[in-house]
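Q: Okay, handing you the structure first.
The values are calculated or read from the model by the stated rules, or taken from the named source; none is laboratory data. Treat the numbers as computed from the prediction; the structure is a model and nothing was measured. So basically every Cβ, Gly included, is an ideal-geometry build from the backbone, and we count neighbours across all protein chains shown. Keep in mind that these areas ignore ligands, DNA and RNA; they rest on the heavy atoms of the full protein, side chains included. Shrake-Rupley method; radii C 1.70, N 1.55, O 1.52, S 1.80 Å.
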Amino acid sequence: MHPTPSETGVSPYTFHDLPGQLYFLSVNDSGCVVDANGAFLAFVGKKRQDVLEQPVESIVSDLGIYITQDIIQQVRETRQPWGEAQEYHHPSSGKHFIEWRCYTTVRQTDNRVYVVGVDVSHHQFVKDQLAETTSVGRVGYWRFDLNHEKLFWSDEIYAIHGVSKDDFVPSVETAIEFYLPADREIISAAVVDCIENHKAYTIHLRIMQQSTGRTIYVETKGRPEFDVEGRIEAISGTFRDRSDIVLVQNEHEVMVKSLQEARHLSEHLHHTLDEHALVSITDATGVIIYANTKFTEVSGYKLDELLGNKHNIIKSDKHDAAFYKDLWRTIASGETWQGEICNRKKDGELYWVRSTIVPFKNTYTDKIEQYVAVRTEITEAKKLQAELDAALKMAEEGNLAKSRFIANMSHELRTPLNHIIGFSDLLMSLADDKQAQEFASYIRNSGQELFEKLQSVLELSANIAPDNLNQSNVQLLKHIEEDLFPGFRSSASKAGRILEEEVPNQSATEIYLCTDEIDRAIKYVFENAVRYTRSGEKILLRLSETDTKVQIDLADEGPGIPEEKQNLIFTPFALVNEDYSAATPGMGVGLPVAKRLIERNGGTLELIEMPGKSTCFRISFNRS
């Protein structure tokens with residue numbers, strides 16, 4: 001609002017003051033003010049004595065009003081009025097439009113120029129709104145003559161329907177076709193009610209625009225017109241395109257629905273979070289300004305005991321100062337901190353949480369305003385972890401004790417067995433009596449069998465890393481053919497088995513492995529085939545290689561392995577064929593030891609199917 005005359009020290013209006021927001025002053029030959037009304041003085045914020053005899057330009061220029069000496073001189077000389085609407089920004093009431101007029105009187109002897117200004121802000125606002133409505137909104141006029149059944153459309157209605165005035169003649173029949181089928185009954189009922197009951201109507205409808213095929217949302221208003229005798233002779237009204245309004249309404253409805261869903265989701269997430277996590281919020285200095293129910297339940301503090309305090313209230317002595325310094329340095333730099341913290345309840349009991357602390361910055365200042373901490377209690381998990389760590393330590397100590405025991409067993413048992421085997425060999429060479437030699441042979445064979453079983457058990461218990469093996473590059477298939485086949489042939493012949501051999505013509509592929517371990521593994525698999533076949537049955541030993549692998553297949557015609565027990569073949573001490581096991585006793589450690597040795601050298605041992613054979617084991621190594 002403009003200051004009032006009383007606020008500027010100006011007396012109430014004199015005889016030349018004009019009513020309302022009308023600013024008036026008169027200017028003499030030299031362009032100086034000789035009189036001004038109170039409204040003008042209030043407008044410029046000056047007293048009368050401050051403006052009299054002052055150039056009008058100097059008085060109004062500070063306000064952004066441009067009435068120059070040149071304008072005053074031009075009006076005086078031409079005796080033609082001058083006028084212009086100028087924008088004025090008032091410090092408290094904002095933008096105004098002032099219409100200024102300069103003119104002279106009809107008396108030639110009067111050389112004064114009169115300046116009149118009126119605030120036309122409201123008029124300008126209405127004018128702008130009307131211009132905006134005219135440019136954006138599309139409103140047309142229509143009239144239907146009931147006596148002559150003629151329908152008139154203004155140009156805007158043709159445009160809304162997407163038809164040309166030159167190509168389309170509107171009528172009731174043609175106009176109704178534009179409406180969507182569901183809306184035709186609505187317009188028909190409104191027109192009938194207007195004719196019969198003389199009721200005006202305003203209805204919202206949809207039409208199909210002919211030029212684009214788009215659905216246009218419209219509002220049509222209709223009212224009856226009467227002749228001099230009071231009979232209805234026409235219906236007329238307006239037709240407005242309200243598609244933009246409908247679009248905004250639809251977007252608003254979608255937005256409202258989305259907000260409702262978001263609010264529901266937020267409430268659900270808040271409830272879920274409250275049930276699961278300990279949540280607290282602090283200000284930038286670390287003072288707690290929010291804590292959820294879970295936080296109070298776990299910590300034992302009431303909400304009013306937490307609010308206004310810092311997290312020192314639950315601090316334990318489990319972490320040193322460097323721990324908290326690193327935490328604060330992280331979040332103060334705007335980064336998220338995650339880690340495990342041990343806190344202390346009100347009753348002194350310790351509890352552990354896995355915490356995530358996120359800093360939140362002001363959008364405009366980019367300064368941190370709050371820290372939000374979300375924690376999950378892990379006290380039980382920490383206790384369980386401690387128990388597991390203790391159990392692991394005991395297991396490691398037990399494993400170390402086992403290794404020592406195995407080393408002692410290896411020495412304590414192998415030494416006498418070697419003596420038994422060695423002295424039985426000596427007895428066999430010295431004895432002249434055949435029966436004595438036979439007895440010595442029994443002793444030697446039994447000692448050798450016990451030695452091999454002991455070796456197998458020790459292999460299962462030993463834990464040797466590949467780095468500690470005596471490995472080298474070996475032409476594996478050539479090595480097997482030259483060094484192992486002769487022994488296999490002899491063993492098969494003594495057992496009455498038929499050994500079939502399939503060997504590639506030439507193989508020089510080298511595999512990096514420990515030869516002693518692989519030899520023992522292949523022997524275990526071969527001995528398993530001998531043990532589970534009968535006299536006269538065949539054992540196949542096939543050596544082969546592909547583009548990527550070197551393979552050794554050992555297959556037999558024995559009874560096979562029952563399907564329900566195939567998953568036990570590599571389990572130590574498991575006997576999968578009781579009938580054969582009784583006839584050919586074994587400990588069930590040969591295949592498990594073989595698998596362990598092969599895998600330790602980078603290979604695989606697996607049971608596969610081979611046509612015509614009951615059981616087939618395949619040993620594979622990748623070609624390097």
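Q: Kindly evaluate Glu500 against the criterion of being acidic (Asp, Glu), farther than 17 Å from Lys549 by Cβ and touching a strand residue (DSSP E or B) at 6+ places or on another chain (Cβ under 8 Å).
A: The answer is yes for Glu500.
Q: Let me ask another. Within segment 226-245, which residues are farther than 19 Å from Ala159 by Cα and in contact (Cβ under 8 Å) with a residue 40 or more places away in the chain? So that I can check it myself, show each step before the final result.
A: Here is the first cut: in segment 226-245, the residues farther than 19 Å from Ala159 by Cα are 226-235.
If the condition is that a residue be farther than 19 Å from Ala159 by Cα and in contact (Cβ under 8 Å) with a residue 40 or more places away in the chain, then Ile232, Glu233, Ala234, Ile235 are the ones that fit.
Q: So which of Leu278, Leu273, Leu306 is open to solvent by less than 40 Å² (accessible area, probe 1.4 Å) and under 27 Å from the mean Cα position of the chain (by Cα)? Talk me through it step by step, then tell me what you get.
A: On the way: Leu273 fails: open to solvent by less than 40 Å² (accessible area, probe 1.4 Å); Leu306 fails: under 27 Å from the mean Cα position of the chain (by Cα).
The match here is Leu278.
Q: Pairs please, first residue from segment 610-623 and under 25 Å from Thr509 (Cα atoms), second anywhere and open to solvent by 40 Å² or more (accessible area, probe 1.4 Å) and among the acidic types (Asp, Glu), Cβ atoms under 6 Å, 6+ apart in sequence or on different chains.
A: Between residues of segment 610-623 that are under 25 Å from Thr509 (Cα atoms) and residues that are open to solvent by 40 Å² or more (accessible area, probe 1.4 Å) and among the acidic types (Asp, Glu), the close pairs are Arg618/Glu606.
Q: Just checking, how many residues over segment 482-506 are surrounded by fewer than 11 Cβ atoms within 10 Å (Cβ to Cβ) and farther than 22 Å from Ile598 by Cα?
A: Adding up the residues that qualify gives 3.
Q: Also, I was wondering about something else. Of all residues in segment 328-376, count the ones that are among the charged types (D, E, K, R) and under 27 Å from the mean Cα position of the chain (by Cα).
A: Narrowing segment 328-376 to residues among the charged types (D, E, K, R): 329, 335, 340, 344-347, 349, 354, 361, 366-367, 369, 375.
With under 27 Å from the mean Cα position of the chain (by Cα) added as a condition, the list becomes 335, 340, 354, 361, 366-367, 369, 375.
So the count comes out to 8.
Q: Of all residues being in contact (Cβ under 8 Å) with a residue 24 or more places away in the chain and closer than 13 Å to Ile235 by Cβ in segment 176-198, which is most open to solvent (accessible area, probe 1.4 Å)? Just the residue, please.
A: My answer is His198.
Q: Provide a single number: the residues in segment 36-73 that are loosely packed, with under 15 Cβ neighbours inside 10 Å, in contact (Cβ under 8 Å) with a residue 24 or more places away in the chain and farther than 21 Å from Tyr88 by Cα.
A: The total comes to 1.
Q: Inside segment 507-536, can you point out the residues that are more than 59 Å from the chain's Cα centre (by Cα) and either open to solvent by less than 40 Å² (accessible area, probe 1.4 Å) or without any contact (Cβ under 8 Å) to a residue 40 or more places away in the chain (or both)? Walk me through how you get there before you give the answer.
A: Here is the first cut: in segment 507-536, the residues more than 59 Å from the chain's Cα centre (by Cα) are 527, 530-536.
The answer is Val530, Tyr532, Thr533, Arg534.
Q: Let me ask something else. Of the residues Ile288, Ile314, which is surrounded by 15 or more Cβ atoms within 10 Å (Cβ to Cβ), touching a helix residue (DSSP H, G or I) at 6+ places or on another chain (Cβ under 6 Å) and closer than 18 Å to Pro359 by Cβ?
A: On the way: Ile314 fails: closer than 18 Å to Pro359 by Cβ.
It is Ile288.
Q: For Val33, indicate whether it is within 17 Å of Tyr114 (Cβ to Cβ), in contact with a helix residue (DSSP H, G or I) (Cβ under 7 Å, 6 or more places away or on another chain), open to solvent by less than 50 Å² (accessible area, probe 1.4 Å) and at pLDDT 80 or above.
A: yes
Q: Turning to a different aspect of this structure: Would you mind stating whether Thr546 is more than 17 Å from Val474 (Cβ to Cβ), among the polar types (S, T, N, Q) and open to solvent by 30 Å² or more (accessible area, probe 1.4 Å)?
A: yes
Q: Identify the residue in segment 104-120 that is of a type in the set (D, E, K, R) and modelled with pLDDT under 75 and, among all such residues, is least open to solvent (accessible area, probe 1.4 Å).
A: Asp110
Q: Okay, moving on. Mind checking which strands (runs of 3 or more DSSP E) fall wholly inside segment 121-226 and carry at least 2 residues that are modelled with pLDDT under 90 and closer than 30 Å to Phe97 by Cβ?
A: The strands (runs of 3 or more DSSP E) meeting that bar are 138-145.
Q: Assess whether Ile406 counts as being on the phi < 0 side of the Ramachandran plot, assigned to a loop (DSSP other than H, G, I, E, B), surrounded by 12 or more Cβ atoms within 10 Å (Cβ to Cβ) and at pLDDT below 70.
A: Here the answer is no, as Ile406 does not meet what is asked.
Q: Related question: Answer yes or no as to whether Val279 is out of contact with any helix residue (DSSP H, G or I) (no Cβ under 8 Å at 6 or more places or on another chain) and either in a helix (DSSP H, G or I) or not charged (D, E, K, R) (or both). Walk me through it before giving the result.
A: Working: out of contact with any helix residue (DSSP H, G or I) (no Cβ under 8 Å at 6 or more places or on another chain): no; either in a helix (DSSP H, G or I) or not charged (D, E, K, R) (or both): yes.
Answer is no for this residue.
Q: Could you please give the count of residues in segment 331-345 that are closer than 17 Å to Arg375 by Cα and in a helix (DSSP H, G or I)?
A: Number satisfying all stated conditions: 1.
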